[in-house]
Amino acid sequence: MRRLIPFLSAALLSALAAGSPAKAAAKKPILIGIDAPIQLQVGKDIVAGEKMAIDEINAKGGVLGRKLAYVVADEGMNPQLGVSAINKLTAEDHVNVLIGGFSSGVVLAEEPHIAQSRTVFLGVGAASPNVTALVGRDYNKYKYIFRVNPLNSTLQADQLIGFVNNVVKKKLGRKKIAILGESAIWVRDLVPVLLKGLQGDGIQVAYKEFFDESMTDFTPLFARVKASGARYLLIIIGHANSDTFIKQLYESRLPMPYGGIDVKSMDPNFCSRVGGESIGETTVNFVTRAPITRKTIPFWDGFEKLYHRAPVYTAPGGYNAVHLYAWAVRKAGTTKAGPLIKALEGADYLGVGGRIKFDKTHDVLAGPGYQNILFVQWQKGCKRVVVWPKELASGSVILQPWLGK
Amino acid sequence: MLTVLIYGAVTSAIFAMLAVGFTLIFGVARILNLAHGTFYALGAYSAFALTTILKVPLLPAAILSVAFVALFGIVMERVLVRPLRNSALAVLMITLAVALTMQQVLFLVFGSQSKNVPAFINHPVTIHGVSVDGQRLVALSIAIVLIASLWLFIHRTRVGSAILAISQDAEAAQYMGIPSNRIFSLVMGLSAALAGAAGVIAAPFLTVRPTMDLVPMITAFSVVIVGGLGSIPGSILAALIIGYSETIVAFYWNPQWTGAISLIAVLLTLVLRPSGLMGKPISL
């Protein structure tokens, strides 16, 4: 036993030296906590986009000599699950930053817990203006929260008004519309802004209805839309089952074209998923394979090469957020929240969909050069064509097959 | 008005297909099968897998899907339910476990995204100026044919007589030489086939996703409670009442309230007529 003591002592000393706090801290990776509804495509792409960015950054040596690592927690579509995910990531995994969030209702429930943990949060999926409004109301408490993606629903409403005015009214000659939207926070935030803007522009809203996200038979709603005499149907769906909605809408052969915001229709495989019955539907998208910035096409092609499919809008959101975070850490020279927040507040970073710059409430700006909304229509052969804005359009808007030309 | 009549008939027919199978297995084997919605989901997913992944033409795919679900029901009865049949609570638990497990299996195999099942007819049909989705009319026709065939099978064949005998007194029927276990398996297969067929014909115009089993399960349960547990005519009558009530509410009031119709009907039935509209302990 005595002979063993020197060996054991040496082994113990080596272990202590290797595990000394200074050395461990130098090598310890920067840990990104991803909160996302991982059973949904939007959630899977939050993870996929972030992982792609992490790999790119690590391949170039990481940030401040440290590699990036990530841990995922499922926030589902349920506020309770979301709060548990945040608490796990911050209290158990001790992540350096949180990047994710999809449902506005879930993110709003998570925010007090994010603030309490004093961890910077970069949102990439939730659209309610209230997500960042808290920063304006109580800066000291909520300054950790930023929205990188998507544009908030008020900004989306502004761009939707532009689409209705320029495409629906001027190009298609339709001034009387109906609105069908799911009963969700972001839609209820969006619709009042939309109504005000449309009425100011001489558009008549003949019918408006919010429906439950769990609804599966929309035929009675379509009958009411038809009876209203509307000549265009504006749809606003994020969480509801839009596959069924669009199929039933197509099979209803409503005597009017339709389009708007349909989050699931942003999926690259949506058209084939619904058996081609989304032909004629126009929906917003935040990115497509077009030279929006010098980073757009390399991102798109890189994503397709890596995952053998096209990304949905949360993928560039997650990708941008990770690169933006790495940029901010380099600029701040630390991962500590205080200097990092200052760096992010001063950021003017070129992302995949445009420049990323935050307003006073830490919400991402929209407009020329910044992030924008594209209106993309499913056309013959399930091809996606950008029909608005004019400067990025890759084709003209078409009508649904049964409406003629 | 004609729109409501047609859509109400389609909704009622789907409800009836779900409820008749559910009540049949209860009437004969006294089993409350909480995996009944799973049969519906499996029918839809089988049709999707066969038509979209394996490129099997729709009609053979539909027949194969129904056969697969029937087989699934028979295996489930033989392997999981039969050993526990002496305890109603154990049967409830095992069928609930099957439902939850299959939901997760569908999640893992097919993912969370909705799936598209092709329609037999994917263009509208105009009836007296009312445009109706063609697949809904196909669903209505198939439902009527299947329920009528089941009725004839039970009341006009020797096996049907055996089913009736067991539903009236399982023990006495067994003493008379009727192989009750084989009849239970057959009835479970029929019940599963009906629900699976409902899934196949409704899938093109309703939702195909892993959680699609829950609403049909609740609907079947509600229809059977209103109609009377174990009564096939009661289930058909209740399916018509609830189906038309939901359609009228959806078209003339608010589609969001349709889910409340079943619950109100169940509550009223339990308060006013607990045995249901045509419920007798032993009636098929």
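Rounded to the nearest 5, what % of the DSSP beta bridges within region A:56-181 are antiparallel ones? About 10 percent, rounded to the nearest 5.
Taking other C-beta atoms within 10 Å as the exposure proxy, A:H94, B:H36, A:H113, A:H239 rank A:H94, A:H113, A:H239, B:H36 from fewest upward.
Computed over region A:273-318, the range of Cα coordinates on each principal axis works out to 32, 22, 17 Å, biggest value leading. Over 31 Å apart at the Cα level, from the set A:K60/A:K141; A:K141/A:K295; A:K51/A:K247; A:K51/A:K88, are A:K60/A:K141; A:K141/A:K295; A:K51/A:K247. Put simply, the amide H of A:W388, placed in the peptide plane, has neighbours under 5 Å in A:F375, leaving out anything fewer than 5 places away on its chain. Volume per residue of the convex hull around the Cα atoms, evaluated for the protein assembly as shown, comes out as 205 Å³. Under the rule a/c < 1.5 gives rounded, and otherwise a/b versus b/c splits prolate from oblate, where does region B:35-166 land using the Cα gyration tensor? Oblate shape, in that a/c is at least 1.5 and b/c is the bigger or equal ratio. Rounded to whole numbers, the Karplus 3J(HN,Hα) couplings from phi for region A:187-200 are 6, 5, 6, 7, 4, x, 5, 4, 4, 4, x, 5, 5, x Hz, using 6.51 cos²θ - 1.76 cosθ + 1.60 with θ = phi - 60°, and x at Gly and Pro. Simple rule: put +1 on each Lys or Arg Cβ and -1 on each Asp or Glu Cβ in the protein assembly as shown, find the dipole, and look at B:T157, B:V81, A:V72; the Cα lying farthest toward the positive end is A:V72. For region A:37-176, the normalised intensity computed at q = 0.14 Å⁻¹ comes to -0.72 (log10 of I(q)/I(0), Debye sum over alpha carbons, equal scatterers, no solvent).
Placing +1 on each Lys and Arg Cβ and -1 on each Asp and Glu Cβ, with no other charges, gives the protein assembly as shown a dipole about its Cα centre of roughly 1440 debye.
In loop segments of region A:207-299 as defined by DSSP, the trypsin sites (Lys or Arg not before Pro) with at most 10 further C-beta atoms inside 10 Å of their C-beta are A:R294. 3J(HN,Hα) along region A:210-224: 9, 10, 5, 5, 8, 5, 10, 10, 9, 3, x, 5, 5, 4, 5 Hz, from the Karplus curve 6.51 cos²θ - 1.76 cosθ + 1.60 with θ = phi - 60°, whole Hz, x for Gly and Pro. For trypsin sites (Lys or Arg not before Pro), the sites in region B:44-153 that DSSP calls loop and that have at most 14 other Cβ atoms within 10 Å are B:K55.
In this structure, the amide hydrogen of A:R355, modeled 1.01 Å from its nitrogen in the peptide plane, lies closer than 5 angstrom to those of A:Y370, A:Q371, counting only residues at least 5 positions away or on a different chain. Shown in residue order for region A:295-312 are the 3J(HN,Hα) couplings computed by the Karplus curve 6.51 cos²θ - 1.76 cosθ + 1.60 at θ = phi - 60°: 9, 5, 5, x, 5, 4, 5, x, 5, 5, 5, 6, 10, 6, 6, 7, x, 9 Hz (x for Gly and Pro). Selection among A:L198, A:L234, A:Q248 by position relative to the dipole of region A:180-258 gives A:L198 as farthest towards the positive end (Cβ unit charges, Cα centre). Averaging the Cα positions of each part gives two centres, and for region A:272-289 and region B:221-266 these lie 36 Å apart. If you take the alpha carbon atoms of region A:312-405 and fit the smallest convex hull around them, that volume is 119 Å³ per residue. Under 5 Å from the amide H of A:K208 lie the amide H atoms of A:I179, each residue being 5 or more positions distant or on a separate chain, with H modelled from the backbone and absent for Pro and chain starts.
Of the chymotrypsin sites (Phe, Trp or Tyr not before Pro) found in region A:146-242, not one falls in a DSSP loop while having at most 13 other beta-carbon atoms within 10 Å.
Per residue of peptide A:215-228, the mean number of Cβ atoms on other chains within 10 Å of the residue Cβ is 5.
Spatial offset of region A:93-117 relative to region A:183-240 amounts to 30 Å, using the alpha carbon center of each.
No lab work stands behind these numbers, since they all come straight from the coordinates. It should be emphasised that the depicted structure is a prediction, and the values quoted were computed from it without experimental measurement. Glycine gets a Cβ as well: all are built from the backbone with ideal geometry, and neighbour counts include every protein chain shown.
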